[in-house]
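Okay, structure first, notes after.
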Amino acid sequence: MPTDRTITGQATALRIDNLDTDQIMPKQFLRGIDKSGLAQGLLYDLRFDKSGTLRPECALNHPDRAGTNVLLGGSNFGCGSSREHAVWGLLQYGIQAVVAPSFGEIFYSNAMGNRLLLVQLDPQTIEAMMDLADGAEAPPMQIDVASRKVTYGPIQAEFPISQRHQTMFLQGVDVIGLTLNHQEEIHAFAESHWAKQPWVRDVAKRMKEHLDSSPR
Amino acid sequence: MPHDTTPSNKTLYQKLVDSHTVRRLDEDNVLLFCDLHLMNEYTSPQAFAGLHEENRKVAVPGQNVSVVSHIIPTDPSAIRIIHDAASALQASNLARNCAMHGIPLFDTNDAMQGIEHVVAPEHGMIRPGMVVICGDSHTTTYGALGALGFGIGTSEVEHVLATQTLVYRTAKDMRIRVDGTLPTGTTSKDLILMIIGQIGAQGARGYVVEFCGTAIEQLSVEARFTLCNMAVEAGARGALIAPDETSIRYVLEKCPDIVGQTRESALAAWKDLRSDADATFDAEHVFDAANIEPHVTWGTSPDQVLPISGKIPSPESLSSEIRRSAEQALRYTALQPGAALAGTPIEHVFIGSCTNARIEDLRAAASIVEGRQVAKGVRAMVVPGSGAVKIQAELEGLDKVFLNAGFEWRKPGCSMCLAMNDDVLMDGIRCASTTNRNFEGRQGRGAITHLMSPAMAAAAAVTGMITDARKMEQTHAN
């Protein structure tokens, strides 16, 4: 896992509010059983017209934006479905961070878990950044996870990130491995939980067996 | 069983989190034990792959269940065959993974197949006090039975498979009190659309919402499912309704194993599943149900919604924060600011989804459709939420009502709610839909979705336009 967590790069503005995960990764790209091929699906209907040709009006398609690795988004970025494919697609396309006024809940945890950095800033700061990004001489953006600071030309801003997510970014963490360190504690908890509420134990298995054995 | 009678001032949400906390990880996060994990075919494959790569086992297979929901065809042929090769592989892959790990599965041709959020509660898998999770955002549905349900991503699916727990960031508490009685002809769909319209698509972001009040108490369990299902469209991380006689009766009917001493213990435990009188909430909203009208969305976010008597807003009249999204939405939906929503012609009607494809929803729609015909030029379909719903509807003759009127009566599944199977709308088609999301392209690229209740969708089908179903009922009675 890469552990360098200063992101330096080129920001592109997408002035769209409520950009949901259906749009970030449309349904036709959800048919796989692995994570491959999702860069093509990213923002497909925004980037491509109905005949599959690149739409020149989409900021990401501008020749100057080929190196985009930071998206400047509108409010409620990533709302909607829980599909993690949206996050995988952004990463595969080369996006390392999204800067927006607010994010969808499930998207937020999906993104941070996959080390796609989500930077929440106030709408006015983002508007100013978007104006800068749209200009001819857009400066490089610098996002430093350790100090929680974004620098973009003359604009400097601090962003919130939890201790846990910051550690995940800076060190890389196998969350499942960490949890499995508590395996005995989980077993003990489960036994006591089921002793108190036997009706929740193996509930799916028992009810499916009951259903399959019932006359139809 | 001894019952904890220690006085406390906890919300229902806090009690559910506390009773499932294996350990606290830090100030914001706990390791949360999960009672039921539902899986579908498209958000789980990479989780199983990750598990296999690390040679990890499924911790507690019997607390997991899979349903092939989103990709299954709904055409009425006897055997379901998934023609799309990639989707067929997802289904067979899920079956293989479930067999390998001993996880119960509702497979493609299971008679009780359907939408995961309809199938699980109707077969007694959801019980008050449980924590229920799924790689699908509409898992909030289960709050209707006093269970904490929420959607997770695929990495978290893998985490649950390996450990039966989640690293869970606790949410804030919001109470939404709704008093009064919903007027005749309005439903919990109208109520939740109104609430989302009022508080916004981000209004409950970071919160678990507890619904309470006399209007909520009067709702059937099915109506409560609809309410909690759509709470996620206000950004909520969960929705809860404290178990009462209505929901406990529903659960006991579905759960043949909760009898005798188990029943006594369960009833005692469920009594405590309510917010204490002196519990404090981080936010509170109060609404009156008395004057609610049927609601219909006009835009591309569920909070862009109006009462049926309302006029489409002009973006200039809106605050600067929501103006840009309103302009964007009106460009997509091709509606005129200032115009009435009623009377907007539609070409398609979809009655289905985990929001509104239960038996009560189909009864409500059929009551409008009965004795009428689908308007010329309109294609209308009913997709029951599950095999059990379909069988019940056919016992009641509802299929005949729909078929006689010119509706398609199809097999259960998620279908045109997110259009991952063959049921996809063409570009520019305007659809009256009982689903939960009116996002751009949700039901097909360029397709326009208007969210509404089943009765309103039925009224749209027979009139060919967005119509106040309450007026239809009167006409019909005369």
TODO: Quickly run through segment B:174-197 and pick out the residues that are part of a strand (DSSP E or B) and crowded, with 23+ Cβ neighbours inside 10 Å.
DONE: B:174, B:175, B:176, B:178
Open item on the list: For the list (1) touching a strand residue (DSSP E or B) at 6+ places or on another chain (Cβ under 8 Å); (2) more than 17 Å from residue B:118 (Cα to Cα), I need the number of the one condition that residue B:231 fails.
Closed with: (2)
Open item on the list: Let me confirm something: among B:299, B:206, B:260, which residue is farther than 27 Å from residue B:134 by Cβ and surrounded by fewer than 24 Cβ atoms within 10 Å (Cβ to Cβ)?
Closed with: B:260
Open item on the list: For segment A:96-106, which positions are within 13 Å of another protein chain (Cβ to nearest Cβ) and assigned to a loop (DSSP other than H, G, I, E, B)?
Closed with: A:101, A:102, A:104
TODO: Just name the residue that is farthest from the chain's Cα centre (by Cα) out of those in segment B:92-138 that are closer than 28 Å to residue A:196 by Cβ and part of a strand (DSSP E or B).
DONE: B:131
- [ ] Quickly run through segment B:37-72 and pick out the residues that are closer than 13 Å to residue B:96 by Cα and within 7 Å of chain A (Cβ to nearest Cβ).
- [x] B:45, B:49
TODO: Keeping to segment A:1-22, report how many residues are open to solvent by 30 Å² or more (accessible area, probe 1.4 Å), within 14 Å of chain B (Cβ to nearest Cβ) and of a type outside the set (A, V, I, L, M, F, W, C).
DONE: 1
Task: residue B:200, sole failed condition from (1) touching an Asp or Glu at 6+ places or on another chain (Cβ under 9 Å); (2) open to solvent by less than 10 Å² (accessible area, probe 1.4 Å) - done: (2)
- [ ] Please enumerate the residues belonging to segment B:399-442 that are closer than 20 Å to residue B:332 by Cα and among the hydrophobic types (A, V, I, L, M, F, W, C).
- [x] B:416, B:417, B:418, B:419, B:424, B:425, B:426, B:429, B:431, B:432, B:439
TODO: Read through the list (1) open to solvent by less than 40 Å² (accessible area, probe 1.4 Å); (2) more than 10 Å from chain A (Cβ to nearest Cβ); (3) in a loop (DSSP other than H, G, I, E, B), then give the number of the only condition that residue B:274 fails.
DONE: (1)
Open item on the list: I need the full set of residues from segment B:139-160 which are more than 9 Å from chain A (Cβ to nearest Cβ), in a helix (DSSP H, G or I) and touching a helix residue (DSSP H, G or I) at 6+ places or on another chain (Cβ under 8 Å), in order please.
Closed with: B:140, B:141, B:142, B:143, B:144, B:145
Task: Those helices (runs of 4 or more DSSP H) lying entirely in segment B:370-478 with at least 1 residues under 26 Å from residue B:71 (Cα atoms) and within 14 Å of chain A (Cβ to nearest Cβ) - done: B:387-395
Task: Hits in segment A:186-216 (condition: outside any helix (DSSP H, G or I) and either modelled with pLDDT under 95 or facing another protein chain (nearest Cβ under 7 Å) (or both)) - done: A:197, A:202, A:214, A:215, A:216
Task: Every residue from segment B:73-127 that is of a type in the set (Val, Ile, Thr), within 11 Å of chain A (Cβ to nearest Cβ) and in contact with a helix residue (DSSP H, G or I) (Cβ under 6 Å, 6 or more places away or on another chain) - done: B:82, B:103, B:126
Open item on the list: Quick test for you: out of A:133, A:157, A:128, A:138, pick the one residue that is more than 14 Å from chain B (Cβ to nearest Cβ), in a loop (DSSP other than H, G, I, E, B) and closer than 30 Å to residue A:72 by Cα.
Closed with: A:138
- [ ] Only residues that are within 14 Å of another protein chain (Cβ to nearest Cβ) and either surrounded by fewer than 22 Cβ atoms within 10 Å (Cβ to Cβ) or more than 25 Å from residue A:32 (Cα to Cα) (or both): list them for segment A:73-95, please.
- [x] A:73, A:74, A:75, A:76, A:91, A:92
Open item on the list: Residues to consider are A:118, A:180, A:170, A:132; find the one that is surrounded by fewer than 16 Cβ atoms within 10 Å (Cβ to Cβ) and out of contact with any His (no Cβ under 8 Å at 6 or more places or on another chain).
Closed with: A:170
- [ ] Mind checking which helices (runs of 4 or more DSSP H) fall wholly inside segment A:34-95 and carry at least 2 residues that are within 17 Å of the chain's Cα centre (by Cα)?
- [x] A:38-41, A:85-93
Task: Tally of residues being surrounded by fewer than 22 Cβ atoms within 10 Å (Cβ to Cβ) and either more than 27 Å from residue A:26 (Cα to Cα) or hydrophobic (A, V, I, L, M, F, W, C) (or both) across segment B:61-75 - done: 2
Open item on the list: closer than 24 Å to residue A:197 by Cβ and open to solvent by 20 Å² or more (accessible area, probe 1.4 Å): which single residue out of B:167, B:160 fits that description?
Closed with: B:167
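The values are calculated or read from the model by the stated rules, or taken from the named source; none is laboratory data. It should be emphasised that the depicted structure is a prediction, and the values quoted were computed from it without experimental measurement. All Cβ positions, glycine included, derive from the backbone under ideal geometry; neighbour counts span all protein chains shown. Keep in mind that these areas ignore ligands, DNA and RNA; they rest on the heavy atoms of the full protein, side chains included. Shrake-Rupley method; radii C 1.70, N 1.55, O 1.52, S 1.80 Å.
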